Structure formats: structure tokens, C-alpha cells
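Asks: Next up is a structure, given as C-alpha cells.
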Amino acid sequence: MTPHHVLQKFFGYDTFREHQEAVIGHLLDGADAFVLMPTGSGKSLCYQIPSVVRDGVGVVVSPLIALMHDQVTALRQNGIRADCLNSNLPPGEAEQVEARVRAGATDILYLAPERLLTGRCQRLLAETSLALFAIDEAHCVSQWGHDFRPEYLKIAEVTRHFPGVPRIALTATADAATRRDIVDKLKLSGARAFISSFDRPNICYRVRLKDNAKRQLLQFIRDEHPRETGIVYCRSRRRVEEIAALLEREGLNAVAYHAGL
């Protein structure tokens, strides 16, 4: 299948977004890539589509179990054979995933970095045909980043045992120092960089002086966003509940959600 065929058949899009097609073609040629794209720009397709097109399993290193689960669920709903291995998986289910990977019945395998570093996982990969390595949230490798994960420092020790497998590091969060750190720590000195603009024309920020915040909030919703859905962020759980109750009293359909629920 061609990348365009996969894009249309499994994801329902007719055209690629900025850099997607170039990144995918680069990986299909067997080369490494560093990708910096803002959230919501379609970074995941840059490794998901090559994982389907290339022979073997695409291995995705992801730091968040919840995100991993969401990705696998969405891919399966689209008809793509996806699995994950993480600490939340019971031993029996993990063995079933490993069996599918060995049998070539998985297109994309999501791994937590801690799982990737285990001897068992590395033996699994050594026994499997691999399409690519994708290091998602790659800023976690950098001590300059906001989300440093020490396990990310050892990823290159694993990937170096698979010299013919292309690698792609992806992030939405990296200044110049963090970019250099990612490339250095993941041994991607020869990787081509794909950098997207962070201009988001669909997002607008406005800062207003507070003058009766509740009245201002109600006026903003009613005058500018009637019958639309939105999120109101508050600094405390108590404030969240107060504002939700206020909106309900004013005839708006609102619910409170915070860490205490």
C-alpha cells in the first residue's frame, strides 16, 4: 500500500498536512528524522503510516500509559493492528501481545521506556522484523525539558543494536537547547530535521483586567460563544465547583471536573 492509500483507507483524509508526506517518505527510504510540530498537527501519522507501509512492526516509545491506550484504541477502531506493552497489562495479556508481535500480527507496538529497557523486551525485538523506532514526546530525553524521564537516556543503547531500522524522534515542545539535547542523547546526528511553524491561526489569546470575573465570564460566553462548547479553567477545586454552579444557575449546561473526583 502507498502512504496515500493508508491515509485514505485507515484515517479518512485525502491530503497530508505540512511536512507529513516528506517525513513519511524519508522514513520509507530508511532514514532517520527529528520532527518538531505543534500539538494537533498530526505528528502521530508521521510514524503510524510508515509502520503500516513498511514490512515489520513499528515500535513506538511513549511515556504515558493513558496516551498509549488511547492511541491503540483509536488505531484498532480504524482497522490497524496495534498493541501495547506496559506495567498495567496482566502477564497473560502481555504474553498474548508478544505472541502477536512474533507472528507478525501487529503493525504498531507501543512501549513504555521502562519496558523497552528490559531484557525480555529486547529479546522480543531481536526476534521480530522491525519497521521503525518512534520516540514520542522526545523532549523527555532532555534535562533542559519540562518532562525529563531518565529512562529516555538509555533508548539509544537499545536502538543501536538495530542499525538498519529507521528512527524518528517527535516532540511539540523543544527550544534550541532541548533540540540539541534530543539529537545528542538519541544519537540522531545524521537525522533530517522537520520543523513546523508554531503559528496557530485558530488560537487567539486575550488578557483582560479582572473586574467582576463572574460577570465577565457570563458576558463572554453569552455574547461571543452562545450555544458552543468550552472549558473554564480555575485555580482550585472549590473555584471549579463555584463556577460550574454559577453557570448552571444562569441556565447554562455546565459540570465540574477536577482531581478530587
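The values are calculated or read from the model by the stated rules, or taken from the named source; none is laboratory data. Keep in mind the model is a prediction, meaning the values are calculated, not measured. Cβ sites come from the backbone with ideal geometry, for glycine too, and all protein chains shown count toward neighbours. Please note that ligands, DNA and RNA were not included when accessible areas were found on the heavy atoms of the full protein model with its side chains. Shrake-Rupley method; radii C 1.70, N 1.55, O 1.52, S 1.80 Å.
Asks: Tally the residues that are in contact with a His (Cβ under 9 Å, 6 or more places away or on another chain) and of a type in the set (G, A, S), restricting the search to the stretch 97-150.
Replies: The number of residues fulfilling the criteria is 2.
Asks: Would you pick out the residues in the stretch 221-247 that are loosely packed, with under 14 Cβ neighbours inside 10 Å, assigned to a loop (DSSP other than H, G, I, E, B) and at negative phi?
Replies: Hits for the stretch 221-247 are H225, P226, E228, T229, G230, I231, Y233, R235, S236.
Asks: Does the stretch 101-117 include one or more residues that are of a type in the set (A, V, I, L, M, F, W, C), outside any loop (DSSP other than H, G, I, E, B) and over 29 Å from A193 (Cβ atoms)?
Replies: Yes: one or more hits.
Asks: Somewhere in the stretch 144-162, is a residue under 17 Å from Y47 (Cβ atoms), in a strand (DSSP E or B) and touching a Lys or Arg at 6+ places or on another chain (Cβ under 7 Å)?
Replies: no
Asks: Looking at (1) under 28 Å from G40 (Cβ atoms); (2) crowded, with 16+ Cβ neighbours inside 10 Å, which one does E98 not meet, given that it meets all the others?
Replies: Condition (1) is where E98 drops out.
Asks: V60: in contact (Cβ under 8 Å) with a residue 24 or more places away in the chain, touching a strand residue (DSSP E or B) at 6+ places or on another chain (Cβ under 6 Å) and open to solvent by less than 10 Å² (accessible area, probe 1.4 Å), yes or no?
Replies: Considered against the rule, which asks whether it is in contact (Cβ under 8 Å) with a residue 24 or more places away in the chain, touching a strand residue (DSSP E or B) at 6+ places or on another chain (Cβ under 6 Å) and open to solvent by less than 10 Å² (accessible area, probe 1.4 Å), V60 comes out as yes.
Asks: Does S41 satisfy the criteria of being out of contact with any helix residue (DSSP H, G or I) (no Cβ under 6 Å at 6 or more places or on another chain), surrounded by 19 or more Cβ atoms within 10 Å (Cβ to Cβ) and in a loop (DSSP other than H, G, I, E, B)?
Replies: Yes, satisfied.
Asks: Identify the single condition in (1) crowded, with 19+ Cβ neighbours inside 10 Å; (2) outside any helix (DSSP H, G or I); (3) touching a His at 6+ places or on another chain (Cβ under 9 Å) that D14 does not satisfy, given that it satisfies every other one.
Replies: Tallying (1) crowded, with 19+ Cβ neighbours inside 10 Å; (2) outside any helix (DSSP H, G or I); (3) touching a His at 6+ places or on another chain (Cβ under 9 Å), D14 fails exactly one: (1).
Asks: Name the one entry in L117, L109, L170, L124 that is on the phi < 0 side of the Ramachandran plot, surrounded by fewer than 18 Cβ atoms within 10 Å (Cβ to Cβ) and either among the acidic types (D, E) or touching a helix residue (DSSP H, G or I) at 6+ places or on another chain (Cβ under 9 Å) (or both).
Replies: L117
Asks: Condition check: touching a Phe, Trp or Tyr at 6+ places or on another chain (Cβ under 9 Å), open to solvent by less than 10 Å² (accessible area, probe 1.4 Å) and not basic (K, R). Does C140 satisfy that? Show your work before the answer.
Replies: Values: touching a Phe, Trp or Tyr at 6+ places or on another chain (Cβ under 9 Å): yes; open to solvent by less than 10 Å² (accessible area, probe 1.4 Å): yes; not basic (K, R): yes.
In short, yes.
Asks: Shifting gears a bit: Within the set of pairs 6+ apart or on separate chains, which have a first residue in the stretch 226-251 that is under 17 Å from R215 (Cα atoms), a second that is part of a helix (DSSP H, G or I) and not β-branched (V, I, T), and C-beta atoms under 7 Å apart?
Replies: That search, which allows pairs on different chains as well, returns V232/L217; L246/K214; E250/L218.
Asks: Turning to a different aspect of this structure: Would you point out the residue of the stretch 198-220, among those that are surrounded by 10 or more Cβ atoms within 10 Å (Cβ to Cβ) and closer than 24 Å to G40 by Cβ, that is nearest to the chain's Cα centre (by Cα)?
Replies: For the stretch 198-220, the residue satisfying everything is F198.
Asks: Here is a follow-up. Please work out which residue is nearest to T128 (Cα to Cα), limiting yourself to the stretch 162-196 and to residues that are small (G, A, S) and without any contact (Cβ under 8 Å) to a residue 60 or more places away in the chain.
Replies: In the first step, residues of the stretch 162-196 are kept if they are small (G, A, S); the result is 164, 169, 172, 174, 176-177, 189-191, 193, 196.
From the residues that got through so far, the ones that are without any contact (Cβ under 8 Å) to a residue 60 or more places away in the chain too are 176-177, 189.
On the way: A176: 36, A177: 35, S189: 26 Å.
That would be S189.
Asks: From the list R76, R54, which residue is more than 12 Å from the chain's Cα centre (by Cα), touching a residue at least 24 places away in the same chain (Cβ under 8 Å), surrounded by fewer than 23 Cβ atoms within 10 Å (Cβ to Cβ) and under 24 Å from P3 (Cβ atoms)?
Replies: Values: R76 fails: touching a residue at least 24 places away in the same chain (Cβ under 8 Å).
When all the criteria are applied, what remains is R54.
Asks: Kindly indicate which of L85, L67 is out of contact with any strand residue (DSSP E or B) (no Cβ under 8 Å at 6 or more places or on another chain) and either buried (at least 20 other Cβ atoms within 10 Å of the Cβ) or closer than 19 Å to D136 by Cα (or both).
Replies: L67
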